[in-house]
Amino acid sequence: MANTYTISDLAQEFDLTTRAIRFYEDMGLLEPERSGPGGRNRVYSARDRTRLKLTLRAKRLGLSLTEAKDLIDMYDSPRDTVPQLKKFMVVLAEHRRQLESQLADLEATLDEVKTHEKETRSLLTKANKTAAAT
């Protein structure tokens, strides 16, 4: 029998809450089998584990869960991988553009902070000299 995992197994392995895993399930990223009385117990497959791993990787890259699902679903299909790779390149390029824009904004803000620090230091030096002279 193939490897299976409980929700607790995956939560522990990936340092997530079971609530987060259930949320990913609600988003359609994971599709566990159900067992036990009334199907209360979730049984995750190796495929679910891989999809969770890819979802977390996509999140680290800053992709939305919808983008992550679209990409992961594409890899599930046994079709030609060229369209999948092209789509991934588009997503990555857009994400890189957003990050570069945020970085430029942060650098501009940092330059402004440095300017204010320099001006404030100068005003403090003048104020200290005036206070010492009186």
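The values are calculated or read from the model by the stated rules, or taken from the named source; none is laboratory data. Note that the structure is predicted; figures quoted are calculated from it, not measured. Every residue, glycine among them, receives a Cβ derived from its backbone with ideal geometry; neighbour counts consider all protein chains shown.
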Task: Those residues of region 90-123 which are among the aliphatic types (A, V, I, L, M) and modelled with pLDDT under 95, in sequence order - done: V90, V91, L92, A93, L99
TODO: Output the residues belonging to region 31-44 that are at pLDDT below 95 and touching a Leu at 6+ places or on another chain (Cβ under 9 Å).
DONE: R42
Task: Answer residue from region 32-75, given it is exposed (fewer than 12 other Cβ atoms within 10 Å of the Cβ) and under 21 Å from the mean Cα position of the chain (by Cα) and is nearest to H95 (Cα to Cα) among those - done: R60
TODO: Look through A133, A127, A68 and report the one residue that is outside the structural domain of Y5 (by TED's automatic domain parsing) and under 30 Å from L10 (Cα atoms).
DONE: A68
Task: Residue that is modelled with the lowest pLDDT [pool: residues in region 58-78 that are under 21 Å from A46 (Cβ atoms) and part of a loop (DSSP other than H, G, I, E, B)] - done: P78
